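The structure under discussion appears below in the form of structure tokens.
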Amino acid sequence: MYKKTIKQLSSALQNKDFSSEELVSSYLQRCDSHNSNLNCFISLMPETAIAQARSADKKIQNGEAGPLTGIPLAHKDIFCTNGTKTSCGSSMLDNFIAPYDATVVTRLNEAGMVTLGKTNMDEFAMGSTNETSFYGAVKNPWDTARVPGGSSGGSAAAVAAKLAPVATGTDTGGSIRQPASLCGITGLKPTYGRVSRYGMIAYASSLDQGGPITQTAEDAAIMLNAMAGFDERDSTSAEQAVEDYTKDLNESLDGLKIGLPKQYFDGQLDASIESVIQAGVKQLEKLGANVKEIELPNSELSIPAYYVIASAECSSNLARFDGVRFGHRCDDPEDLTDLYLRSRAEGFGKEVKRRIITGTYVLSAGYYDAYYLKAQKLRRMIRDDFRSALEDVDVIIGPTAPQTAFKLNEFIDDPISMYLSDIYTVSVNLAGLPAISVPAGFANELPVGMQIIGNYFAESRLLNIAHQFQQATDWHQQSPVGFD
Amino acid sequence: MATDIKWETVIGLEIHAQLATKSKIFSGAATTYGADANTQACAVDLGLPGVLPVLNQQAVEMAIKFGLAVDAHIADKSVFARKNYFYPDLPKGYQISQFELPIVGNGDIEIQLADGSKKIIGITRAHLEEDAGKSVHDGFFDNTGVDLNRAGTPLIEIVSEPDMRSAEEAIAYLKKIHSIVRYLKICDGNMQEGSFRCDANVSIRPMGQEELGTRTELKNLNSFKFIEQAINYEIERQIDVIESGAEVVQETRLYDPNKNETRTMRSKEEANDYRYFPDPDLLPVCIDQETIEAIKKELPELPDAKRERFIKEFDLSEYDSDVITASRDQAEYFEDTVNAANGEAKLSANWVMGELSAVLNKNNTDITNSPVSAEMLGGMIKRIKDNTISSKIAKQVFEAMCNGKGNADEIIDNQGLKQVTDTGAIEKLVDDVIAANPDQVKQYQESPADKQGKLIGFFVGQIMKQSKGKANPQQVNQLLQEKLK
């Protein structure tokens, strides 16, 4: 039963082919047998999962089930879950039991979903490899000597290895799309503000966005239906009405206008990746799309702009982890300064400290204009590039990441190279646009994702294109050996 | 080194007024003062991981009201910014405030000084921000406790121009702002509880010099008296420093009311770099003209306007009008009293400022909790005016009203306090007293006319005593004068 998409699982549950309890037990068993190898989960929640499954089964019996009732999922450990550990991948929060549910968690609970556990992630979502986690690196199911990408690497690896049919992720600079690409699955980053950030531990507030990590675009649409919507507890959530994201899935792509940014295919892109993407685009042309070259002239500025803005916001967002009210506190502080210094020095890992220090620096008196303010200007330029490009085309397509999954420890001492791997994803966060990564083929036997970027709130269109692509291809149905 | 230089003081004030909203500025927790520690702090106030602020619109409206009351520009777009620093009573490690784009821009108010002169004081800006919690040092042995009940309470910080030239001007300005925020009912003005606080920036310069001297910032000023004392102390200190050949150091100084002195808290070098930047969790506050107009319509009559109107409409003296309009509640009480007293303003003013105010002070309460309503007081004043009771008996009636014995008419009836105005009855009393005091009559009649006025008091007193205060004093006087001729 673990081979099914949530769409298929939903029908099976309604048909009473099996119960939610049976389904959840089977996933928990898979988690048990594979997690020690893959390290996808920080916490597994078998007891609450079984209880949730039983109550879902009652709903199904009573005919009160919705499309997600009884379907198991995994939450990235960045979402607060009431009464359970929410660590954000950090030693700082290793002892933190969240006293409330994130809005995303509440909505998915209300939809009847069953939480299997909390997935591993780069510490405070800072990283592109999942190696910055306090709980150790996650292994890519396609090659366990390689990383799954990050920061939602645990969620992506869990879905790829079929330890969960679907998972939540968050995406600040590519943290849903890049691991989806490296793990050969589907990952959607919605428009900024489409999914509530309440209860999602903040990394960079103006960029963070939650979304689904799934096997198919259709599943992503079903998940987004439950996740999206205005939340009065998140002032930056969009008041725009939520549509039924499944309704346009089967629309034809006839006349679809695709833009290929010249800057994405500049000769620097790895040839094996480029050929996968070009083949994917050809496939879409066969389905009726027209392709033209477009310009995103400032795209190479997106990495510096992103690392200034994200670091600035994180330096402030992470100030609350001070050892005073929750989280790690050093032993026997001598005085207040000692409490702050040691609690934070002990509680945060290297990459988090690096970004806090960078962020503190760029906001400091005398440097603010040169860094933070300049980065904001770049951000506007990058956004304007997208806006004008999207006046001519419906979507922009390119690679999700410039490479396939890298080896564990490859970038551990080379943060700049790791940062550069975000080149195609961060600009989308800076602009606040929605984008989806779908499996489009393989390079060196590792999955390659194709990124489709749409206009604000054009999630339906993205899901439609991704779904039509998946109807015509079977890349998304490939499974890593040992997990099929 | 004593010099003959005349020094000019320059003062600017930063006032923090807690806004009287029911809930906090970015959370739904209550703002009531004095609750048990940490019982009024929700997940947002605690700065738990993942929580987000949501702006309380009531706080925005209150800030707009203030802006309109001081004739200030209301920004069509203002932005919340984070002020970053570490302190245990600051749960998020930053305070949400406004920096580059405050909600209220340039405004001004007019103050009046003791000599009757008037002066305009500029207001640079006023912005919304959240209050911090409190560190509690007592009762935790060597540790410090943190009470986050106050964390997230809305504040408006009102920054003045350096327009004040003496402690007296500073106090007049402060009192004016204090009165305005209370008139607007946006702040309870309680300085003891910290809902109205003030920091003072003080510097001196040689008279006639344009350039400002180095300023110090005075903190911990929680009463008008302390503010005045602290400023005056600081002026003297700065003069001493400069005249002794040294320089004033830019720093923050703490006022110690016990020793009446200010002392260094932190120097400029130790000052935090707050790393302000726009808070990405909150959208800019956009205010349209319609909203401003709607709020303008709801503005109450402000202290200056009320004061002028009372002088004109009720013929009050400037002094009386000042005292009565010092608080909006008192002014409204007064006006209600006048209405209930058929327009008798002078007596109403005397009673409100006199007996009533004394009773309220004695009971340590304010006019909104007065034991005697304005209608009751006005009803009694009506009876003084129509000669049903004398002013003296009125005091007795008032006391009975304070003790819950009913309204004036009931008390007058029940206790038989109605003034005797029957000429026959008064005449008998006059005759009896004259007959009983032949010596005094003789003395009166032998005295020159200018001394008689004083002597007649004796007879009046006797008669009033006989009548238990109920004889109409004017009638008694008149009859006595006739009969003693």
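Please determine, by comparing only the residues of the stretch A:271-300 that are of a type in the set (Gly, Ala, Ser) and in a loop (DSSP other than H, G, I, E, B), which one is farthest from the other protein chains (Cβ to nearest Cβ).
Of everything passing the filter in the stretch A:271-300, A:Gly288 is farthest from the other protein chains (Cβ to nearest Cβ).
What are the pairs, 6+ residues apart or on separate chains, where a residue within the stretch A:60-84 that is more than 13 Å from every other protein chain (Cβ to nearest Cβ) has its Cβ under 8 Å from a residue that is of a type in the set (Asp, Glu)?
A:Gly70/A:Asp57
Among the listed residues B:Asn387, B:Asn350, B:Asn361, identify the single one that is surrounded by fewer than 22 Cβ atoms within 10 Å (Cβ to Cβ) and part of a loop (DSSP other than H, G, I, E, B).
B:Asn387
Select from the stretch B:1-29 the residues that are within 24 Å of B:Cys198 (Cα to Cα), surrounded by 15 or more Cβ atoms within 10 Å (Cβ to Cβ) and out of contact with any Pro (no Cβ under 8 Å at 6 or more places or on another chain) and list them in ascending order.
Answer for the stretch B:1-29, where residues must be within 24 Å of B:Cys198 (Cα to Cα), surrounded by 15 or more Cβ atoms within 10 Å (Cβ to Cβ) and out of contact with any Pro (no Cβ under 8 Å at 6 or more places or on another chain): B:Thr9, B:Leu13, B:Glu14, B:Ile15, B:His16, B:Ala17, B:Ala20, B:Ser23.
Collect the residues in the stretch A:1-21 that are within 23 Å of A:Ser479 (Cα to Cα), without any contact (Cβ under 8 Å) to a residue 60 or more places away in the chain and in a helix (DSSP H, G or I), keeping them in residue-number order.
Result: A:Gln8, A:Ser11, A:Ala12.
Can you find even one residue in the stretch A:43-51 that is farther than 26 Å from A:Asp17 by Cα, at pLDDT 95 or above and surrounded by fewer than 24 Cβ atoms within 10 Å (Cβ to Cβ)?
Checking the stretch A:43-51: at least one residue is farther than 26 Å from A:Asp17 by Cα, at pLDDT 95 or above and surrounded by fewer than 24 Cβ atoms within 10 Å (Cβ to Cβ).
Have a look at A:Gly70, A:Gly89, A:Gly63 and point out the one that is of a type in the set (Gly, Ala, Ser), assigned to a loop (DSSP other than H, G, I, E, B) and under 19 Å from A:Glu123 (Cβ atoms).
Going through A:Gly70, A:Gly89, A:Gly63 in turn, the sole match is A:Gly89.
Only one of B:Lys176, B:Lys185 is more than 23 Å from B:Thr264 (Cβ to Cβ) and in a helix (DSSP H, G or I). Can you tell me which?
On inspection, the qualifying residue turns out to be B:Lys176.
How many residues does the stretch A:426-447 hold that are within 28 Å of A:Val481 (Cα to Cα) and modelled with pLDDT of 95 or more?
The qualifying residues number 11.
Looking at the stretch A:70-94 only, could you name the residues that are farther than 21 Å from A:Gly210 by Cβ and surrounded by fewer than 24 Cβ atoms within 10 Å (Cβ to Cβ)?
Result: A:Ser91, A:Asp94.
Look at B:Glu169 and say whether it is part of a helix (DSSP H, G or I), charged (D, E, K, R) and surrounded by fewer than 23 Cβ atoms within 10 Å (Cβ to Cβ).
So B:Glu169 fits the description; yes.
Mind checking which pairs have a first residue in the stretch B:183-196 that is assigned by TED's automatic domain parsing to the domain that holds B:Ile156 and a second that is β-branched (Val, Ile, Thr), Cβ under 6 Å, 6 or more apart or different chains?
Taking only residues 6 or more apart or on different chains, the pairs are B:Cys187/B:Val181.
Within the stretch A:315-352, can you find the residues that are assigned to a helix (DSSP H, G or I) and away from chain B (no Cβ under 13 Å)?
Scanning the stretch A:315-352 gives A:Arg342, A:Ala345, A:Glu346, A:Lys350, A:Glu351, A:Val352.
Run B:Lys219 past the list (1) of a type in the set (D, E, K, R); (2) buried (at least 20 other Cβ atoms within 10 Å of the Cβ); (3) in a strand (DSSP E or B) and report the number of the one that doesn't hold.
For B:Lys219, the failing item is (2).
For the stretch B:133-142, does any single residue satisfy the condition of being touching a Ser or Thr at 6+ places or on another chain (Cβ under 9 Å) and either surrounded by 18 or more Cβ atoms within 10 Å (Cβ to Cβ) or closer than 27 Å to B:Arg237 by Cβ (or both)?
No, that holds for no residue.
Tell me which of these B:Val54 doesn't satisfy, since it passes every other one: (1) surrounded by fewer than 22 Cβ atoms within 10 Å (Cβ to Cβ); (2) more than 8 Å from every other protein chain (Cβ to nearest Cβ).
Failing condition for B:Val54: (2).
What about A:Tyr361, is it outside any helix (DSSP H, G or I) and either at the interface with chain B (Cβ under 10 Å from one of its Cβ atoms) or within 32 Å of the chain's Cα centre (by Cα) (or both)?
So A:Tyr361 does not fit the description; no.
Tell me which of these A:Ser311 doesn't satisfy, since it passes every other one: (1) modelled with pLDDT of 95 or more; (2) surrounded by fewer than 19 Cβ atoms within 10 Å (Cβ to Cβ); (3) of a type outside the set (A, V, I, L, M).
(2)
Can you spot a residue in the stretch A:244-259 that is farther than 16 Å from A:Arg461 by Cα, more than 14 Å from chain B (Cβ to nearest Cβ), in a loop (DSSP other than H, G, I, E, B) and at pLDDT 95 or above?
Within the stretch A:244-259 (the criterion being farther than 16 Å from A:Arg461 by Cα, more than 14 Å from chain B (Cβ to nearest Cβ), in a loop (DSSP other than H, G, I, E, B) and at pLDDT 95 or above), the answer is no, since none of the residues qualifies.
Quick one: which residue in A:Ser343, A:Ser417, A:Ser421 is buried (at least 17 other Cβ atoms within 10 Å of the Cβ), modelled with pLDDT under 95, under 30 Å from A:Phe321 (Cα atoms) and not β-branched (Val, Ile, Thr)?
Exactly one residue qualifies, and that residue is A:Ser421.
May I ask you to say which residue of B:Pro206, B:Pro284 is under 30 Å from A:Thr236 (Cα atoms) and either within 14 Å of chain A (Cβ to nearest Cβ) or touching a Phe, Trp or Tyr at 6+ places or on another chain (Cβ under 8 Å) (or both)?
Within the list B:Pro206, B:Pro284, the selection yields B:Pro284.
Could you list all residues from the stretch A:301-314 that are within 22 Å of the chain's Cα centre (by Cα) and either more than 8 Å from every other protein chain (Cβ to nearest Cβ) or without any contact (Cβ under 8 Å) to a residue 40 or more places away in the chain (or both)?
Those that are within 22 Å of the chain's Cα centre (by Cα) and either more than 8 Å from every other protein chain (Cβ to nearest Cβ) or without any contact (Cβ under 8 Å) to a residue 40 or more places away in the chain (or both): A:Ser302, A:Ile303, A:Pro304, A:Ala305, A:Tyr306, A:Tyr307, A:Val308, A:Ile309, A:Ala310, A:Ser311, A:Cys314.
Can you give me the number of residues within the stretch B:21-51 that are closer than 25 Å to A:Arg197 by Cβ, more than 10 Å from every other protein chain (Cβ to nearest Cβ) and without any contact (Cβ under 8 Å) to a residue 60 or more places away in the chain?
Matching residues across the stretch B:21-51 total 1.
The values are calculated or read from the model by the stated rules, or taken from the named source; none is laboratory data. All values reported here derive from a predicted model rather than from experimental measurement. Here Cβ is always computed from backbone atoms with ideal geometry, including for glycine, and neighbour counts include all displayed protein chains.
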